[in-house]
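Presented below is the structure to which this report refers.
The values are calculated or read from the model by the stated rules, or taken from the named source; none is laboratory data. Keep in mind the model is a prediction, meaning the values are calculated, not measured. All Cβ positions, glycine included, derive from the backbone under ideal geometry; neighbour counts span all protein chains shown. Remember, those area values only see protein heavy atoms, side chains included, never the ligands or the DNA or RNA. Shrake-Rupley method; radii C 1.70, N 1.55, O 1.52, S 1.80 Å.
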Amino acid sequence: MNINLLSENECAQLRTIIAEAANIVVCCHQNPDGDAIGSSLAWAEYLRQQGKDPRIVVPDMFPDFLHWMPGVERILRYDKHVEQAQLLLSTADVVFCMDFNAIDRLGEKMGDDLRASQAQRVLIDHHLGPEPGMTLSISHPELCSTAELVFRLIWQLGGFEQMDRKIAVPIYCGMMTDTGGFTYNSTTPEIYFIISQLLTKRINKDKIYRSVYNNYSEWRMRLIGYVLYTKLNVFADKHAAYFALSRRDLKRFHYLKGDAEGLVNMPLQIKGMKVSLSLREDTERDNLVWVSIRSVDNFPANKMAEQFFNGGGHLNAAGGRLNCSLDEAERIVREAFVAFCC
């Protein structure tokens, strides 16, 4: 099976960029998820195998259920170590931009620092609409995850034989989390060929699943019950549902980063549902509401995110943000349902 992605010229260019770089930074988007962290860890480890010493810089906190992955101790958080991160970005020869399509996804401050850097920028991503101006843009929205893209690049660059569990485990984790355990956006045979090859590296896929999905707190379980019984709004005539979590709700259930992960998918278990949306007040900043959208079949979650929520994403998985109160955000959700849900 041919899983190569790059043309001969692109492959040669990528090899040259890696070979000539002395200072390398690998970064991913704000509020990193499993694919962002997994693809960053795997790509950084591949670069180490090529004799490089890359640094991973992420904008902010990532969920506790990802802290078990190999290499995670090497990650530097920009929001906790601003000066050190700024120095790394300003002195980098190349910055690999993992799992985001635009520099704005880094957040304002880290985004400004990357724009100010003289480093070459290599985009490795699977979201629509990649930002122009990159030295090399490796953008494939048709792939299930950036982690899948990383595997294909390592394969094409001849790194598979040298691949070990430090690379294979984060790749599998990234693919798994960005497809909901291979329940959506994962119908191509290439995905399962890649999984078969990862299994030859002696990864324990069942343990990876448990480490992510069976690694929450007691309060996460109580939060799920609260959301489904008390907070869920179902519009059966529009085949749509949403829930909104206030800062007070989050405090009541001892919210930790990642505790709301996957909740937005649950209303899609209701017969006939086409779209589910979650609203979550930011725990620190006033008038900031995070939006997640999940849908099925051909319902354009990405278009809804673009039109109403200052965001974007994939056909069936998208997100955004609103700078307003939670009440106002709920009003906007209802407007979005009127516009998109017939």
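Structure above, values below:
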{"quantity": "Set Gly180, Gly174: member being within 21 Å of the chain's Cα centre (by Cα), within 24 Å of Trp68 (Cβ to Cβ) and modelled with pLDDT under 95", "calculated": "Gly180"}
{"quantity": "Hits in the stretch 33-76 - residues which are acidic (Asp, Glu), modelled with pLDDT of 95 or more and in a helix (DSSP H, G or I)", "calculated": "Asp35, Glu45, Glu73"}
{"quantity": "The stretch 191-208: number of residues that are over 17 Å from Thr177 (Cα atoms), surrounded by 13 or more Cβ atoms within 10 Å (Cβ to Cβ) and among the charged types (D, E, K, R)", "calculated": "1"}
{"quantity": "Residues of the stretch 115-130 satisfying the condition of being touching a strand residue (DSSP E or B) at 6+ places or on another chain (Cβ under 8 Å) and either open to solvent by 50 Å² or more (accessible area, probe 1.4 Å) or on the phi > 0 side of the Ramachandran plot (or both)", "calculated": "Gln120, Leu128, Gly129, Pro130"}
{"quantity": "Checking Thr230 against (1) hydroxyl-bearing (Ser, Thr, Tyr); (2) more than 19 Å from the chain's Cα centre (by Cα); (3) not in a helix (DSSP H, G or I), the condition it does not meet", "calculated": "(3)"}
{"quantity": "Cross-chain or 6+ apart pairs with Cβ under 6 Å, the stretch 282-295 first and of a type in the set (Asp, Glu), then open to solvent by less than 10 Å² (accessible area, probe 1.4 Å)", "calculated": "Asp282/Leu288"}
{"quantity": "Count - residues of the stretch 297-326 that are over 20 Å from Glu284 (Cα atoms), of a type in the set (A, V, I, L, M, F, W, C) and in a strand (DSSP E or B)", "calculated": "2"}
{"quantity": "Within the stretch 265-276, considering residues that are in contact (Cβ under 8 Å) with a residue 60 or more places away in the chain and over 21 Å from Tyr213 (Cβ atoms), the one surrounded by the most Cβ atoms within 10 Å (Cβ to Cβ)", "calculated": "Val275"}
{"quantity": "Condition check for Glu335: open to solvent by 50 Å² or more (accessible area, probe 1.4 Å), outside any loop (DSSP other than H, G, I, E, B) and either touching a Gly at 6+ places or on another chain (Cβ under 6 Å) or of a type in the set (Asp, Glu) (or both)", "calculated": "yes"}
{"quantity": "Among (1) without any contact (Cβ under 8 Å) to a residue 12 or more places away in the chain; (2) in contact with a Gly (Cβ under 8 Å, 6 or more places away or on another chain) - the single one Arg48 does not satisfy", "calculated": "(2)"}
{"quantity": "Members of the stretch 234-249 found to be surrounded by fewer than 19 Cβ atoms within 10 Å (Cβ to Cβ) and either on the phi > 0 side of the Ramachandran plot or free of Cβ contacts under 8 Å to residues at least 60 places away in the same chain (or both), listed by number", "calculated": "Val234, Ala236, Asp237, Arg247, Arg248"}
{"quantity": "Looking only at the stretch 147-186, and only at residues there that are among the aromatic types (Phe, Trp, Tyr) and assigned to a loop (DSSP other than H, G, I, E, B), the one that is nearest to Lys201 (Cα to Cα)", "calculated": "Phe160"}
{"quantity": "Matching entry among Gln86, Gln30 (being surrounded by fewer than 23 Cβ atoms within 10 Å (Cβ to Cβ) and in a helix (DSSP H, G or I))", "calculated": "Gln86"}
{"quantity": "Candidates Met69, Met98 - the one that is touching a Pro at 6+ places or on another chain (Cβ under 7 Å), open to solvent by less than 30 Å² (accessible area, probe 1.4 Å) and of a type in the set (A, V, I, L, M)", "calculated": "Met69"}
{"quantity": "Residue that is nearest to the chain's Cα centre (by Cα) [pool: residues in the stretch 273-284 that are assigned to a loop (DSSP other than H, G, I, E, B) and either within 18 Å of Ala260 (Cα to Cα) or among the aromatic types (Phe, Trp, Tyr) (or both)]", "calculated": "Asp282"}
